[in-house]
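Here is the structure we will look at.
The values are calculated or read from the model by the stated rules, or taken from the named source; none is laboratory data. Because the structure is a prediction, the values reported are computed rather than measured. A quick note on method: Cβ atoms are made from the backbone with ideal geometry, for glycine too, and the neighbour counts reach across all protein chains shown. All accessible areas refer to the heavy atoms of the entire protein, side chains included, with ligands and DNA or RNA removed. Shrake-Rupley method; radii C 1.70, N 1.55, O 1.52, S 1.80 Å.
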Number of protein chains: 2
Amino acid sequence: MPITVVGSIAYDTVKTPFGERQRMLGGAAVHFALAASFFDEVRVVGPVGEDFGSDQLEVLHHREVDVSDIERVPGGRTFFWHGEYGWDLNSRETHDTQLGVFEGFAPKLSERSRSSEVLFLANIQPELQLQVRSQLPHARFVALDSMNLWIETTRDSLVAAITSVDCVILNDAELRQLTGKPNLVAAAREVLSWRPSGGSAGARGPTVVVAKQGEYGAALITPEGFFALPAYPLETVIDPTGAGDTFAGGLVGYIAAHPTEELTDDLLRRAMAHATVLASFNVEEFGTDRVARLRGPEIVARIHELHAMTQFSGAPLAPRG
Amino acid sequence: MPITVVGSIAYDTVKTPFGERQRMLGGAAVHFALAASFFDEVRVVGPVGEDFGSDQLEVLHHREVDVSDIERVPGGRTFFWHGEYGWDLNSRETHDTQLGVFEGFAPKLSERSRSSEVLFLANIQPELQLQVRSQLPHARFVALDSMNLWIETTRDSLVAAITSVDCVILNDAELRQLTGKPNLVAAAREVLSWRPSGGSAGARGPTVVVAKQGEYGAALITPEGFFALPAYPLETVIDPTGAGDTFAGGLVGYIAAHPTEELTDDLLRRAMAHATVLASFNVEEFGTDRVARLRGPEIVARIHELHAMTQFSGAPLAPRG
C-alpha cells in the first residue's frame with residue numbers, strides 16, 4: 001500500500017565523537033521515507049526553502065520516493081538543526097534550531113498523497129497532525145511520532161492526535177511523560193485505553209504502542225501482548241540522528257507491504273525486526289549516507305542475524321522447590 | 001554442581017514510591033543464594049553480626065541453602081544499607097551504609113565451600129575476590145560481579161580478579177567505565193581479550209560477559225556471539241534492590257545445574273532466560289519476600305511467557321532495491 005509521510009525535511013549539522021558534518025540532508029520525513037522505500041511506494045509531504053539543493057532531492061529520487069508534494073517555498077530557508085552528541089551518544093545537545101519554512105507550514109496534500117492507504121505523521125505540531133489525518137479519513141493504517149515539546153506545550157492536541165491513529169511510536173521516556181506513569185507497560189496500556197472524545201461510531205483509538213528505547217532496542221505493546229527486541233549490536237555507531245524515524249520507516253513500510261495480512265502481533269513483530277535493522281544501518285554513518293546506498297540483501301542478512309541473536313531454547317528445567 | 005557464593009549478608013532499609021521497609025534481610029550473597037537455590041546446592045560465605053536473627057537464617061534454610069559458613073562475629077553488627085529509589089525506580093540514593101562486620105571481613109571457607117565446582121564472587125573488594133578465587137583453583141565455572149567504587153579506587157585489582165574468572169556480570173554503565181569504551185559491544189570485547197598477567201599455562205581470562213541493563217534486560221557477549229533479552233515486563237515493580245544479584249543467581253545456578261553440558265551460547269542463553277525470570281520475581285515485592293516463597297512451576301510458566309514475548313518469524317520479505 002502506498003505510504004504518505006508528513007514531516008520535516010531538513011539540513012542537519014551534527015557533531016559526534018567521530019566527527020562533524022555540515023548541512024547534511026536530514027529531517028524526520030526524509031529518514032522515514034528512505035527506510036520505508038525498501039518496502040513500498042512513499043510520498044513525502046513537507047516544505048523546503050530555496051536553499052534546498054537538487055542533490056538532496058536526488059537522494060530521495062534514487063530510492064524512488066515520490067517528491068512531488070515537497071513544496072519549495074519562494075524566499076524561504078530549509079529547516080535547520082545543529083546538534084552535538086556526548087561520548088556515549090546517549091545524550092545530545094541542540095546548539096541551534098532554525099524553523100525556516102517550517103514555521104508557517106500548512107501541509108498541502110495532493111490528491112495522490114491523500115489517496116495513500118498508509119499514513120505516517122512524523123513529529124510535528126499535533127494540530128497539523130490532526131489536520132493531515134482528517135485529509136486521509138479512509139487510510140487503513142496510520143502511525144504517529146511526537147516529542148516532549150508537544151507533551152509539555154500542547155498535550156490536549158497531542159492526545160487528540162493519538163486517539164486518531166492506529167499506532168503510536170514514542171521514546172519510552174516520552175511515553176512515561178505523556179501518561180505520568182513511570183512504568184512502561186502501564187504507560188502503554190494507558191495509551192491503548194484512549195478513545196476519541198465525541199468520536200464517530202467505529203472510531204477506536206490506538207491499538208499499537210511502540211516504545212523506542214535507543215541503544216536498548218524497542219518494545220511493542222498491543223492488547224494481544226508484549227514483545228521486545230534489542231537494538232542490532234554495532235561496535236561503532238557514528239551518528240544516531242534519524243534513527244527513530246528510520247525505525248518508524250522500517251516498521252510502517254513493512255506493514256504497508258503486507259496489505260492482505262491482518263494487523264496481528266505476528267505481523268507487527270516482523271515489522272519491529274525490519275525497523276530495528278533499518279535503524280541499525282542508519283546509525284553506521286552520518287546522516288542518510290548509509291541508508292541511501294543500502295541494498296535489499298543487506299537488510300535480509302541482518303534480519304537473519306537479529307533473529308539468531310534473540311533466540312533461546314524455551315524448554316526450562318524443573319527447578320528445585 | 002554445588003555453588004559457593006561469597007558476598008554481603010545485610011539488613012536493608014529501603015524506600016520506594018510504593019512504601020518503606022526497615023531492616024529487611026538483604027545483601028548480594030542472600031539474593032544470589034535464594035535464586036540459585038532453585039537450581040543447585042548453594043553454600044553462602046559471609047559475616048553477620050550479633051544482631052542477625054534466626055528468622056533471617058530461616059529464610060535461607062527454608063530454601064535449603066547451606067549457611068554453615070555464615071560467620072557470626074561476636075559483638076559485631078550486620079552490614080546495613082539504607083537507600084531510596086526515585087519515581088521511576090531507575091535512580092537511587094544511598095542514605096546510609098554501615099559496613100559493620102564487613103569492614104574487616106576476611107573470607108573463611110570451610111573444606112566444603114572450597115570443594116564447590118561453581119563459585120560466585122559477589123560485589124566485594126577485588127582483593128578479597130582474588131583471595132577467595134585462589135582457594136577454589138579447580139572450580140569449573142567462576143563468575144564475578146563488581147561496582148563503580150572498585151573501578152574508581154582499585155581498578156588494577158579488579159582487572160586481576162576479572163582475568164581470574166570465566167564470567168563477568170556487570171551493569172552496562174560499569175562495563176563502559178571499566179574499559180573506557182562507550183560502546184557496549186566494544187567494551188565487552190575488550191574484557192573478553194583480557195588475560196591473566198604472568199598467569200600459569202592454561203590460564204585464559206573471561207569467556208563470558210553479561211551486561212545488566214536494568215529495566216531493559218541484559219545482553220550476553222561471548223567469542224561465539226551476541227544475545228540480548230528484555231526484562232520480563234511487569235506493570236508494577238515494588239523494589240529493585242537485589243535484582244542484579246538475583247539475576248546472577250539464576251544465571252550461575254542454571255549453569256551449575258547442567259554439569260554435563262559444555263559452556264556454549266545455547267546453554268548461556270537458557271541461563272540468561274532463567275536469570276531474567278528470577279530477577280522479575282525479585283522486584284515484585286520488597287526484599288527477599290517474593291523469591292523466598294517462589295515455587296518452581298511459577299518459574300517454568302514465566303520462562304514460557306518470556307520465550308513467547310521474544311519470538312518473531314525470521315523470514316524477511318525481499319526488500320525493494
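Over all directions, the average projected area of the alpha-carbon convex hull for the stretch B:150-303 comes to how many nm²? Provide the component values of the computation, followed by the final result.
On the way: hull surface 40.0 nm².
Average projection, Cα convex hull of the stretch B:150-303: 10.0 nm².
Go ahead and run the numbers for FRET between residue A:22 and residue A:68, Cβ-Cβ distance against an R0 of 35 Å, rounding to 0.05.
0.80
May I ask you to rank B:156, B:96 by accessible area, largest first, using a 1.4 Å probe over the protein chains only? Kindly include the intermediate steps, with their values, before the conclusion.
Numbers: B:156 125, B:96 50 Å².
The most accessible residue leads, giving B:156, B:96.
Considering only DSSP beta bridges where both residues belong to the stretch B:107-240, give the percentage that are antiparallel (nearest 5).
Bridges in the stretch B:107-240 are about 40 percent antiparallel.
Largest first, how would B:138, A:95, B:82 line up by accessible area (1.4 Å probe)?
Values: B:138 160, A:95 85, B:82 45 Å².
These residues rank, largest area first, as B:138, A:95, B:82.
Quick one: P(r) of the protein assembly as shown from all Cα-Cα pairs, 10 Å bins, percents rounded to integers, in order of increasing distance.
3, 16, 25, 23, 16, 11, 5, 1, 0
Over the protein assembly as shown, with every protein chain in place, what whole percent of the accessible area is carbon and sulfur at 1.4 Å, could you tell me?
Ligands and nucleic acids excluded, carbon and sulfur give 49 percent.
Which of A:141, B:47, B:192 sits farthest toward the positive end of the charge dipole of the protein assembly as shown, with +1 on the Cβ of Lys and Arg and -1 on the Cβ of Asp and Glu?
Ranked along the dipole, the leading option is A:141.
If Lys and Arg each add +1 and Asp and Glu each add -1, what is the summed charge of the other residues whose beta carbon sits under 14 Å from the beta carbon of residue B:84? Mind dumping the intermediate values first?
Values: positive: B:15, B:21, B:92; negative: B:12, B:20, B:88, B:93, B:96, B:239.
Net local charge, residue B:84 excluded: -3.
Would you pull out the residues with amide H under 5 Å of residue A:42's amide H, same chain only if 5 or more places away, H placed 1.01 Å from N?
Amide H to amide H, under 5 Å and 5 or more residues apart or across chains, residue A:42 pairs with A:3, A:66.
Which three extents, in whole angstrom, do the alpha-carbon atoms of the stretch A:1-143 cover along their principal axes, largest first?
Rounded to whole Å, the extents work out to 45, 34, 31 Å.
I want the local charge near residue B:150. Using Cβ-Cβ distances under 11 Å, sum +1 for each Lys or Arg and -1 for each Asp or Glu among the other residues.
-4
Once you keep just the Cα pairs under 8 angstrom separated by 6 or more residues, what percentage relative contact order results for the stretch A:16-167?
Dividing the mean separation by the residue count of the stretch A:16-167 yields 18 percent.
On alpha-carbon atoms, Rg over Rh for the stretch A:97-150 using Kirkwood Rh? Walk me through the intermediate numbers first.
Working: Rg = 11.9 Å, Rh = 12.1 Å.
Ratio of gyration radius to Kirkwood radius: 0.98.
How large is the accessible surface of residue A:266 in square angstrom, using a 1.4 angstrom probe and rounding to the nearest 10?
About 80 Å², ignoring ligands and nucleic acids.
What FRET efficiency would be calculated for the residue pair residue A:92, residue B:261, taking the C-beta separation as r and a Förster radius of 45 Å, to the nearest 0.05? Before the final figure, lay out each step's value.
Numbers: r = 44 Å, r/R0 = 0.98.
Taking R0 as 45 Å, the efficiency between residue A:92 and residue B:261 is 0.50.
Looking only at the stretch B:1-134, where both bridge partners belong to it, what percent of the DSSP beta bridges are antiparallel (to the nearest 5)?
40 percent
Kirkwood Rh, Cα Rg: Rg to Rh for the stretch A:43-114?
Working: Rg = 14.8 Å, Rh = 13.9 Å.
Rounded to two decimals, Rg/Rh equals 1.06.
Normalised by the residues of chain B, what does the relative contact order come to in percent, with Cα pairs under 8 Å and at least six apart?
With pairs under 8 Å counted, the relative contact order is 17 percent.
How many Å³ per residue does the convex hull of the Cα positions in chain A occupy?
That works out to 154 Å³ per residue.
Using every alpha carbon pair in the stretch B:266-321, what percent of pairs falls into each 10 Å bin from 0 up to the bin containing the largest distance?
Bin by bin from 0 Å, the calculated values are 20, 40, 21, 11, 6, 2.
Can you compute 3J(HN,Hα) from phi for each residue in the stretch A:245-260, using the Karplus curve 6.51 cos²θ - 1.76 cosθ + 1.60 with θ = phi - 60°, rounded to whole Hz and x for Gly and Pro?
Working through the residues one at a time gives 6, 5, 4, 4, x, x, 5, 5, x, 4, 5, 4, 6, 10, x, 8 Hz.
Before we go on, tell me the buried accessible area for the B/A pair, both chains summed, 1.4 Å probe, in Å² to the nearest 100.
5100 Å²
When DSSP beta bridges are limited to those with both residues in chain A, what percentage is antiparallel, rounded to the nearest 5?
Working: 21 of 51 bridges.
Here the antiparallel bridges make up roughly 40 percent for chain A.
Nearest-to-axis residue of chain B, judged by Cβ, for the B-to-A rotation, with distance in whole Å?
B:216, 2
Could you work out the local net charge near residue A:263, counting Lys and Arg as +1, Asp and Glu as -1, over the other residues with Cβ closer than 14 Å to its Cβ?
Computed value for this residue: -3.
Is there a pair in B:15/B:212; B:15/B:108; A:181/B:181; A:212/B:181 whose C-alpha atoms are over 29 Å apart, and which pairs would that be?
From B:15/B:212; B:15/B:108; A:181/B:181; A:212/B:181, over 29 Å: B:15/B:108; A:181/B:181.
Ordered by residue, what ³J(HN,Hα) values in Hz, to whole numbers, does the stretch B:219-225 give under the Karplus form 6.51 cos²θ - 1.76 cosθ + 1.60, where θ = phi - 60° and Gly and Pro are x?
My calculation for the stretch B:219-225 gives 10, 10, 10, 9, x, 6, x Hz in order.
Which value in Å does the Kirkwood hydrodynamic radius of the stretch A:79-211 take, with 1/r averaged over all unlike C-alpha pairs and then inverted? Before the final figure, lay out each step's value.
Working: mean 1/r = 0.0624 Å⁻¹.
Over the stretch A:79-211, the inverse of the mean reciprocal pair distance is 16.0 Å.
Do any trypsin sites (Lys or Arg not before Pro) in the stretch B:189-285 lie in a loop, going by DSSP, with at most 13 other beta-carbon atoms within 10 Å of their beta carbon, and if so which?
Sparse-neighbourhood loop trypsin sites (Lys or Arg not before Pro): B:204.
What is the Cα centroid distance between the stretch A:126-162 and the stretch B:179-229, reported in whole angstrom?
First find each Cα centre; the distance between them is then 43 Å.
Determine the distance separating the Cα centre of the stretch B:28-44 from the Cα centre of the stretch A:71-114; give it in Å without decimals.
55 Å
Work out from phi, with θ = phi - 60° and the Karplus expression 6.51 cos²θ - 1.76 cosθ + 1.60, the ³J(HN,Hα) of each residue of the stretch A:204-216, listed in order in whole Hz, and give x for Gly and Pro.
Whole-Hz 3J(HN,Hα) from phi for the stretch A:204-216: 10, x, x, 10, 9, 10, 10, 9, 7, 10, x, 5, 8.
Between residue B:318 and residue A:50, what is the label-to-label distance in nm when each label sits 7 Å out along the Cα-to-Cβ direction?
4.7 nm
Could you tell me the center-to-center distance, by alpha carbons, between the stretch B:260-321 and the stretch A:243-304 in angstrom?
With the stretch B:260-321 and the stretch A:243-304 each reduced to a Cα centre, they are spaced 26 Å.
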